[in-house]
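K.L.:
I have a structure I would like to understand better, so I am pasting it below and will then ask my questions one at a time.
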Amino acid sequence: MCENCNCHHSASQEEEQKLYALHTVKTQLEYIGEDPDREGLLETPRRVVKSWAEIYSGYGKDPKDILTVFSSDGYDQIVLLDNIEMYSMCEHHLLPFFGVAHVAYIPGEKVIGISKLARLVDMYARRAQIQERIGDQVTTALMEILQPRAAACVIEATHMCMRMRGVGKQNSVMVTSSMKGLFASNASAKEELMQLIRNRK
């Protein structure tokens, strides 16, 4: 089984894929004008490929395995976990973007352990991504598995593709939101949520 997905490959296939990945990193070093055989870079391909297992560990995971549900015992108010640290890789340039996610829901009959919200964000963030998609994937998973009355994910992130290259804007922060259920249809529920997020800052 692959190190960071649930698909099955033979040992020889996995080794072949790893060798190809190592060769790819070495070729990249050559392309940018480096000598991959100099002392400081000899182990770089191995380190880079090893780091991918963690950076892109969200592939092959199922939110159903993360979101363990419990009875809400009648609780029907907003549940919010804010300032969830988030790190991801922009799929357009393979450069990092990072920030915080605020995830909330209004329970129906079920609730989940609060740490599971952070794990859900991590699962989707640790892929080649765009910020908008992460929020939508989080709220979609919550609505399908937890079946709450509402779900929301607000993300504030800094994108290195804007800081390191291109327009070079050092203080820009991108804010996205995904609102489903009552948070999308009921203005007062949405305002209550946004007020909770603002008051926590």
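K.L.:
Pairs of Cα atoms under 8 Å, at least six residues apart: use those to get the relative contact order of the chain, whole percent.
P.N.:
Computed value for the chain: 18 percent relative contact order.
K.L.:
Given labels modelled 7 Å from the Cα in the Cβ direction, how far is it in nm from residue 172 to residue 98?
P.N.:
It works out to 2.0 nm between the two label points.
K.L.:
Near residue 110, which lysines are there with a Cα under 16 Å away, not counting those fewer than 8 places off in the same chain?
P.N.:
Once the sequence-local lysines are set aside, what remains near residue 110 is 64.
K.L.:
Here's something else I'd like to know. Using the alpha-carbon centroid of each, what span in Å lies between the range 176-190 and the range 153-175?
P.N.:
25 Å
K.L.:
Let me ask something else. Calculate, in nm to one decimal, what residue 73 and residue 13 gain on full extension: separation in residues at 0.36 nm each, minus their alpha carbon distance. Walk me through the numbers on the way to the answer.
P.N.:
Numbers: separation 60, 0.36 × 60 = 21.60 nm, distance 4.96 nm.
My answer for the length gained is 16.6 nm.
K.L.:
Using a 1.4 Å probe and counting only protein heavy atoms, arrange 183, 70 so the residue with the most accessible area comes first.
P.N.:
Descending order: 70, 183.
K.L.:
While we're here: Once phi is turned into θ = phi - 60°, what whole-Hz ³J(HN,Hα) does the Karplus curve with 6.51, -1.76 and 1.60 give for every residue of the range 172-177, x standing for Gly and Pro?
P.N.:
Using θ = phi - 60°, the values come out as 7, 10, 9, 10, 10, 9 Hz.
K.L.:
Cα axis of helix 11-31 to longest principal axis of the chain: angle in degrees, 0 to 90, nearest 10?
P.N.:
80 degrees
K.L.:
When the label point is put 7 Å from the Cα of residue 165 along its Cα-to-beta-carbon vector, which residues of the range 88-117 have a backbone N closer than 15 Å?
P.N.:
In the range 88-117, the label zone of residue 165 (backbone N under 15 Å from the point 7 Å along Cα→Cβ) covers 89-97.
K.L.:
What is the Å³ per residue value for the convex hull set by the Cα atoms of the range 133-183?
P.N.:
Spread over its residues, the Cα hull of the range 133-183 gives 64 Å³ apiece.
K.L.:
Hey, which lysines would be in cross-link range of residue 50, C-alpha to C-alpha under 16 Å, not counting anything within fewer than 8 residues on its own chain?
P.N.:
Output for residue 50: 18, 26.
K.L.:
Name the residue from 135, 41, 99 whose Cα lies farthest towards the positive end of the charge dipole of the range 34-157, charges +1 on Cβ of Lys and Arg and -1 on Cβ of Asp and Glu.
P.N.:
135
K.L.:
Also: Taking all protein chains as present, what is the carbon and sulfur share of the accessible area of the chain, in % to the nearest whole number, probe 1.4 Å?
P.N.:
Values: 6110 of 11840 Å².
After summing per-atom areas, the C and S share lands at 52 percent.
K.L.:
Of all alpha-carbon pairs in the chain, indicate the percentage at a distance above 31 angstrom.
P.N.:
It works out to 31 percent of all Cα pairs.
K.L.:
Taking θ as phi - 60°, what are the ³J(HN,Hα) couplings along the range 148-156 by the Karplus curve (6.51, -1.76, 1.60), each to the nearest whole Hz, with x for Gly and Pro?
P.N.:
Residue by residue, the range 148-156 yields x, 7, 7, 8, 8, 9, 10, 10, 10 Hz.
K.L.:
In addition: Once the Cα atoms of helix 115-125 and of the chain are each reduced to a long axis, what angle between those two axes, in degrees from 0 to 90 to the nearest 10, is obtained?
P.N.:
For 115-125 against the chain, the angle is about 40 degrees.
K.L.:
In Å², and per residue, what accessible area does the range 106-159 have when probed at 1.4 Å with the other protein chains present?
P.N.:
Dividing the accessible area of the range 106-159 by its residue count gives 35 Å².
K.L.:
Calculate the length of the line joining the C-alpha centroid of the range 79-104 to that of the range 15-63, in whole Å.
P.N.:
Using only Cα atoms to place each centre, the spacing works out to 23 Å.
K.L.:
The range 44-103: D in µm²/s via Stokes-Einstein (Kirkwood Rh, Cα pairs, 37 °C, 0.692 mPa s)?
P.N.:
Estimated via Stokes-Einstein, D reaches 220 µm²/s.
K.L.:
Per residue, how much accessible area does the range 21-66 show when a 1.4 Å probe rolls over the protein heavy atoms, in square angstrom?
P.N.:
It amounts to 71 Å² per residue over the range 21-66.
K.L.:
List the residues of the range 67-108 whose backbone N lies under 11 Å from a point placed 7 Å from the Cα of residue 186 along the Cα-to-Cβ direction.
P.N.:
What the label zone holds, given the 11 Å backbone N cut-off, is 76-78, 106-108.
K.L.:
Additional query: Starting at 0 and stepping by 5 Å, how many percent of the alpha carbon pairs of the range 105-201 end up in each bin?
P.N.:
Percent of Cα pairs in each bin: 2, 12, 19, 22, 20, 12, 7, 4, 1, 0.
The values are calculated or read from the model by the stated rules, or taken from the named source; none is laboratory data. Values in this document were obtained by computation on a predicted structure and should not be read as measured data. Cβ coordinates were reconstructed from backbone atoms using ideal geometry, including for glycine residues, and neighbour counts include every protein chain displayed. The accessibility values were calculated without ligands, DNA or RNA, using every heavy atom of the protein model including side chains. Shrake-Rupley method; radii C 1.70, N 1.55, O 1.52, S 1.80 Å.
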